[in-house]
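Below is one structure, written out as C-alpha cells; the observations come after it.
The values are calculated or read from the model by the stated rules, or taken from the named source; none is laboratory data. Owing to the predicted nature of the structure, the values given are computational and were not obtained by experimental measurement. Positions of Cβ are generated from backbone atoms using ideal geometry, with glycine treated the same way; all protein chains shown enter the neighbour counts.
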C-alpha cells in the first residue's frame, strides 16, 4: 500500500513516494510519504517505510527491506524550519534516513533516523539502528542495538551487542578473511534482487493507480 | 482492519472494538475484539491489537501505537469465570491491558497483558512489557524486557535491560534534570496526535461500514 | 493473503501454499510459496511465512503462528542443485524449516531456517531461532537468540539469553517440576486452536478463490 503523508507543523509538504519501476512493494507492505526507493529493491510483507515525520527516507539501488522491517525518523522540520541535528548529509543532500546500495535490512530490523547505512552493509535480523552512522561493508549480526554511534567501515558487530558509546564502536572487530559471514551479504542481495524481479513480473508492472 | 472476536471457552461474549471517532487506525493495522481506544490515537501500519484472549485492552487518550506494535493478553476468563491473576484494577475497573493517557508505544513494541502502563510513559522501540505495571512518566529505552515487575513512577530503564526481579525494578534510576530523554515523550505525543488528525482528515472520517 | 512464489536461480519451481482446511490465515497475514500448514493452526495478523528462498517451510498440526511472526529460510537450491547444509531431515523428508506439532511461536518471533523445532515446544515472544535445532518440550523464554546450536529435549532458556555455542546449549537447565512455565504451552495451544476454529467459522470456510 503506497500513500501520501499529511500536513502537520513538522511537515509543510505532502509527498508521494518515489519508487523506481524495477522495485517491488508487496501489497501487505506500507510505504508512506517522502520516501525514495531506488532500483531492484524488494519490500517484503509487513514492512513499513513511513516518511511522515523525519524526511526524506532514501534506499539505494539493489538494497532490500525484509519482512516486518520498520523505517521511520525523528522530525526534520518544525514550523517550516529545518531541524539540522536530525539530518545527515550524504553527497551534498540531506536525509533523515540514507541507506546506500546493496544494503540488506533483514527481517524485523528497525532503522530509526537520523541514520546512515553505507553501501554493502548487512543489518542482521531484529537489529535496531537509531541516531547512528554505519560505514561500508559492515556486518551487524542479529539482535544488536546501535544508538548514537558511528561505526567505521568493514566492522562486524557480534550478535546481541548493545553499542551506545563511541569508544565501544571504535573497538568493534574488523572483518577478517576468516570471518564466517564475510561474504554473506552478496548472496542476500542476489536473492532479494532476483525476488523483486520475479514478483514484479508475476504480478505485472505496478499500475500507476496503485500510487494513490 | 477492524473486526469482532469469536466465542471460545475463554471468551463468552463477542465484542466489536470501541474506537473514538478522533482516532485513526491504518488500513494495514488490525484491531480485534474487546478493545477500547480513546481519543486522538494513531494506530500505525502493521500494529495488531487483539482483544480475543485477555480482555479488555484499553488505550487512553492521546497515546500512540506505532508500526509493528503487538498488544495481546493472557486469558482473563475460563468457562465463564474470571481469572483474577491476569487482571489489573485501575479506577475500579478491571483490565487485561490498561495503557493510560499520552503513552507512547514505539515501533515494534510488545505489550503482553496482564499489563498496566500509566500516563506519560514512553515505551521505547522493540521493548517487551509482560505481566508488569509501569508507573507514570517513565522512560523505557529501546530493547528492554520487563517481566513480572512493578516499575515505580518516573524511572528510566537503560537500553537493552532485562528486568525480571522486583529488586532490580526498585533500583532503576530516577529521571533527573540532566537525563537526555527527559522531555522526549511530550514531542512524540505531539507528533502522533497530529498525524492521527491529519490521516483522519485525509482519508475522510472512518465510515461505519469499516466496523465489520 | 496467500500467494505463489516465483522462479529464480534458487527456486526452480512455483508452489502454492498447502493449507489444511481447518487452519485459519488472517487476511492481514502473508503466506507465500512452498509452505505446508497442518491442521488447526492460527496464523495471526502481521505474520509472514515466506517459502520463496529456503523450501519447504512446514508447520505441524495444532501449532500456532502469532502476530508479527516471520518465518523464512536460507536457500536450499542453487541452479537446480540442492544445498544440503541448509536442509534438515525429519522423518526422512528434507525441510528448510520444520516446526512440529503443538508448537507455539509467540508474538514477534522469528524462525530463520535452517531450523527444526520439535513437538510441544514454546518459543517465547520476540525470540529468534536461526540455524538451530530445538528439541521436544522446551520452553524458550522471551527475547532469546539461538544461532547455530542444538537444544536437547525439555530444556528451558532464560529470558534474554544469547546461545551461540553448543557448550552453552548443552548447559541449559532442564525443566523441573517447580519451573513456573512448565505447563504453559498446553494452555497456549488450547487458546490458539480454539481461536483458529472460531475465526474459521465466523468468516466461513476459506474460499478456493482466496488461493490466488
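Determine which single condition residue C:113 fails, assuming it passes every other condition in (1) farther than 30 Å from residue B:9 by Cβ; (2) out of contact with any helix residue (DSSP H, G or I) (no Cβ under 9 Å at 6 or more places or on another chain).
In the conditions (1) farther than 30 Å from residue B:9 by Cβ; (2) out of contact with any helix residue (DSSP H, G or I) (no Cβ under 9 Å at 6 or more places or on another chain), residue C:113 misses (2) alone.
Condition test on residue A:200, is it outside any loop (DSSP other than H, G, I, E, B), within 14 Å of another protein chain (Cβ to nearest Cβ), touching a residue at least 60 places away in the same chain (Cβ under 8 Å) and surrounded by fewer than 20 Cβ atoms within 10 Å (Cβ to Cβ)?
Numbers: outside any loop (DSSP other than H, G, I, E, B): yes; within 14 Å of another protein chain (Cβ to nearest Cβ): yes; touching a residue at least 60 places away in the same chain (Cβ under 8 Å): yes; surrounded by fewer than 20 Cβ atoms within 10 Å (Cβ to Cβ): yes.
Spelling it out, residue A:200 is indeed outside any loop (DSSP other than H, G, I, E, B), within 14 Å of another protein chain (Cβ to nearest Cβ), touching a residue at least 60 places away in the same chain (Cβ under 8 Å) and surrounded by fewer than 20 Cβ atoms within 10 Å (Cβ to Cβ).
State which residue is modelled with the highest pLDDT when the search covers only the stretch C:173-186 and only residues that are surrounded by 15 or more Cβ atoms within 10 Å (Cβ to Cβ) and part of a helix (DSSP H, G or I).
Keep residues of the stretch C:173-186 that are surrounded by 15 or more Cβ atoms within 10 Å (Cβ to Cβ), which gives C:175, C:182, C:184-185.
Then keep just the ones that are part of a helix (DSSP H, G or I); that gives C:184-185.
Working: C:184: 95, C:185: 98.
Checking each candidate, the answer is C:185.
Condition (residue is assigned to a loop (DSSP other than H, G, I, E, B), more than 14 Å from chain B (Cβ to nearest Cβ), surrounded by 24 or more Cβ atoms within 10 Å (Cβ to Cβ) and touching a residue at least 24 places away in the same chain (Cβ under 8 Å)) applied to the stretch A:107-122: is it met by at least one residue? Explain how you work it out, then say what you get.
Within the stretch A:107-122, the subset assigned to a loop (DSSP other than H, G, I, E, B) is A:107-109, A:118-121.
Going one step further and asking which of them are more than 14 Å from chain B (Cβ to nearest Cβ), we end up with A:118-121.
Right, trim to surrounded by 24 or more Cβ atoms within 10 Å (Cβ to Cβ) and you get A:121.
Still in the list and also touching a residue at least 24 places away in the same chain (Cβ under 8 Å): A:121.
The answer is yes; a qualifying residue exists.
In the stretch B:124-133, which residues are within 14 Å of chain A (Cβ to nearest Cβ) and either over 27 Å from residue A:111 (Cβ atoms) or in a strand (DSSP E or B) (or both)? Spell out how you get there, then give the answer.
Initial filter on the stretch B:124-133 (within 14 Å of chain A (Cβ to nearest Cβ)): B:124-128.
Across the stretch B:124-133, the qualifying residue is only B:128.
Across the stretch B:88-104, which residue is surrounded by the most Cβ atoms within 10 Å (Cβ to Cβ) among those that are assigned to a loop (DSSP other than H, G, I, E, B) and under 11 Å from the mean Cα position of the chain (by Cα)?
Going through the stretch B:88-104, the residues assigned to a loop (DSSP other than H, G, I, E, B) turn out to be B:91-92, B:96, B:100-103.
Remaining after also requiring under 11 Å from the mean Cα position of the chain (by Cα): B:96, B:100-103.
Numbers: B:96: 27, B:100: 22, B:101: 17, B:102: 23, B:103: 29.
In this case the residue turns out to be B:103.
Which number in (1) touching a residue at least 12 places away in the same chain (Cβ under 8 Å); (2) over 30 Å from residue B:111 (Cβ atoms); (3) touching a strand residue (DSSP E or B) at 6+ places or on another chain (Cβ under 9 Å) marks the one condition that residue C:136 misses?
Failing condition for residue C:136: (3).
Being crowded, with 23+ Cβ neighbours inside 10 Å and within 14 Å of chain B (Cβ to nearest Cβ) is the filter here; which residues of the stretch A:143-158 pass it?
Within the stretch A:143-158, A:143, A:144, A:145, A:146, A:157 meet the criteria.
Okay, residues lined up against (1) over 28 Å from residue B:44 (Cβ atoms); (2) in contact with a strand residue (DSSP E or B) (Cβ under 9 Å, 6 or more places away or on another chain):
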| position | (1), (2) |
| --- | --- |
| C:33 | no, yes |
| C:36 | yes, yes |
| C:39 | yes, no |
| C:48 | no, yes |
| C:52 | no, yes |
| C:62 | yes, no |
| C:65 | no, yes |
| C:73 | yes, yes |
| C:78 | yes, no |
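Name every residue in the stretch C:158-172 that is more than 19 Å from residue B:127 (Cα to Cα) and assigned to a strand (DSSP E or B), in order of residue number. Step through it out loud before you land on a result.
Within the stretch C:158-172, the subset more than 19 Å from residue B:127 (Cα to Cα) is C:163-172.
Selection gives C:163 alone.
Based on what the data block shows, is residue B:136 within 20 Å of residue B:41 (Cα to Cα), out of contact with any helix residue (DSSP H, G or I) (no Cβ under 9 Å at 6 or more places or on another chain) and either more than 14 Å from chain A (Cβ to nearest Cβ) or part of a loop (DSSP other than H, G, I, E, B) (or both)?
yes
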